[in-house]
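Chemist: Pasting a structure here, questions to come.
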Amino acid sequence: MNERDSEALAVMLARAGYSVVYDEDDADAVLLNTCAVRELAERKAIGKAGHLIARRKAGKALRVGVLGCMAQNRGPALAGSIPGLDLVVGTQQLHHVPELLDRVFEREEGGPIVALEEEEGSQNAISEHPAQFQAAAFVSIMQGCNMRCSYCIVPRTRGKERCRPIEHIVQECRELAARGTKEVTLLGQIVTSYGRREIPFVDGKSPFVQLVEAVAKVDGIERIRFTSPHPRGFKEDLVDAFRCIPKLMPCVHLPVQSGSDAVLRAMNRPYSAAKYLEIVDALREAVPGICITTDVIVGFPNESEEDFARTVELFEKVRFDMAYVFKYSPRPGAPGDALPDNVYEEEKEERNQRLLDLLAQYSLERNQTYVGTVQEILVEGRARRGENRWMGRNPTGRKVIFPSEANLAGQLVSVRIDSASVTALEGELVSALEEQTLTLVRVEQL
Ligand code: SF4
């Protein structure tokens, strides 16, 4: 979500007359859009801001701002911990950054300009996309979260759930499609809560499923993904959507956090491991081969070896395609920040590594099943390494690398998979599925 916010903010700044430079040394202002989910991210951001401000001593008139979740969480106190800061802007004020930055440049000196207020309708402000072509784009559908997971700072930094209207989101997708974007990922803290208070169910379909259906009707958008759903809100209508909406890609990121019911209760996550497995089974029955990924925390307060064994058991049952494994770190201001951080660091590290080892094994085994198959790939751009090598993703989101002399960015192509590693597939182009005209439209935009 931060990446998406930064991308939209860069467009707003450009419209106000600013331009993005790619080397910090060329910048007149550096704005750090921060994360507060983990302590390490905060420490890095504070260190970076301090380092930038220190460069002023060397005569560089650099303005420095801290935006986003950490700014919201720490508020004006942030200015005290980073002397010399020019701008502190919270998550609901991001769209005001261009005018706030103007003010920073206009004045000679003074303390930081601070904007942290909640603002009605601010969820609608993140809707602009860069002019550069994007084969796949993120679309923010809502902001905030009404849950109170004990480890999580997000409801405090992002505020209460606020949704964008379906027609605004669909219009944004239409505009993306008109520029050649073929894939959208619908973003929200809990997408399964989308519109629950504002939009009624229709024919047993939740507002979120109605939204996915509406986006699927947009000509030119060929692939839809979303992140993240909550197990509590993952009901039959959403499982059915995978069966009935061909554009909905067979890939679900479903955060589990722990396989132990006791830990889930302590985390204030209102489901059991058995319930989670029921959802996974239903998804696999609806779409055999669906890719399932997750988030998990190891070393949560009081997590015993026995609790962790339940997580390992769940991993063995689901055989996740990928997971973000986090070592617990207490977040001041989160509902459970008083819980004792009583699992030793070495223990957290060991549990972390055990899950990563399992994931590497599952991912490789899964990737090997693709060898010899032909996959439909949406080409996102050039691969990081190698000349004339391209990178795209198959429907389950696997990274696929293949050689081609032609520029195929943004096209759906067929690739025969020849080899697999833990992280990627490699293959040979079988055919470009699309007409040349699309390439011409894209080149014109560039
Ligand atoms: S559902 Fe829980 S983990 Fe996710 S954003 Fe809300 S409080 Fe945080």
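Chemist: Tell me, please, whether a residue that is part of a helix (DSSP H, G or I), within 20 Å of L186 (Cα to Cα) and open to solvent by less than 20 Å² (accessible area, probe 1.4 Å) can be found in the stretch 281-296.
Modeler: Yes, the stretch 281-296 contains at least one residue that is part of a helix (DSSP H, G or I), within 20 Å of L186 (Cα to Cα) and open to solvent by less than 20 Å² (accessible area, probe 1.4 Å).
Chemist: Of the conditions (1) within 16 Å of the ligand (Cβ to nearest atom); (2) charged (D, E, K, R); (3) loosely packed, with under 14 Cβ neighbours inside 10 Å, R331 satisfies every one except a single condition; which number is it?
Modeler: So R331 meets the others, but not (3).
Chemist: Filter the stretch 217-246 for residues that are farther than 21 Å from V280 by Cβ and buried (at least 18 other Cβ atoms within 10 Å of the Cβ); which is nearest to the chain's Cα centre (by Cα)?
Modeler: R223
Chemist: For the stretch 166-177, check the following and say yes or no: at least one residue is outside the structural domain of T34 (by TED's automatic domain parsing), more than 14 Å from the ligand (Cβ to nearest atom), open to solvent by 20 Å² or more (accessible area, probe 1.4 Å) and over 20 Å from D219 (Cβ atoms).
Modeler: Scanning the stretch 166-177, I find no residue that is outside the structural domain of T34 (by TED's automatic domain parsing), more than 14 Å from the ligand (Cβ to nearest atom), open to solvent by 20 Å² or more (accessible area, probe 1.4 Å) and over 20 Å from D219 (Cβ atoms), so the answer is no.
Chemist: Hey, another quick one. Can you give me the number of residues within the stretch 30-39 that are surrounded by fewer than 18 Cβ atoms within 10 Å (Cβ to Cβ) and more than 18 Å from the chain's Cα centre (by Cα)?
Modeler: 1
Chemist: Among the residues of the stretch 82-105, write down those that are open to solvent by 60 Å² or more (accessible area, probe 1.4 Å) and either of a type in the set (S, T, N, Q) or modelled with pLDDT under 95 (or both).
Modeler: Scanning the stretch 82-105 gives P83, F105.
Chemist: So is F242 out of contact with any Lys or Arg (no Cβ under 6 Å at 6 or more places or on another chain), touching a residue at least 40 places away in the same chain (Cβ under 8 Å) and not in a helix (DSSP H, G or I) or not?
Modeler: Answer is no for this residue.
Chemist: Inside the stretch 135-154, can you point out the residues that are under 14 Å from M1 (Cα atoms), near the ligand (Cβ under 9 Å from one of its atoms), at pLDDT 95 or above and open to solvent by 10 Å² or more (accessible area, probe 1.4 Å)?
Modeler: Correct list: C145 only.
Chemist: Within the stretch 266-296, which residues are aliphatic (A, V, I, L, M) and within 15 Å of the ligand (Cβ to nearest atom)?
Modeler: Pass one, the stretch 266-296, residues aliphatic (A, V, I, L, M): 266-267, 273-274, 277, 279-280, 282-283, 286-287, 290, 292, 296.
Once the filter is applied, which keeps residues that are aliphatic (A, V, I, L, M) and within 15 Å of the ligand (Cβ to nearest atom), the stretch 266-296 yields A266, M267, V296.
The values are calculated or read from the model by the stated rules, or taken from the named source; none is laboratory data. Quick caveat, the model's predicted, so the values are computed rather than measured. Note: ideal-geometry Cβ built from the backbone for every residue, glycine included; neighbour counts use all protein chains shown. The protein model used for the area step is the full one, side chains on, heavy atoms only, and it has no ligands, DNA or RNA in it. Shrake-Rupley method; radii C 1.70, N 1.55, O 1.52, S 1.80 Å.
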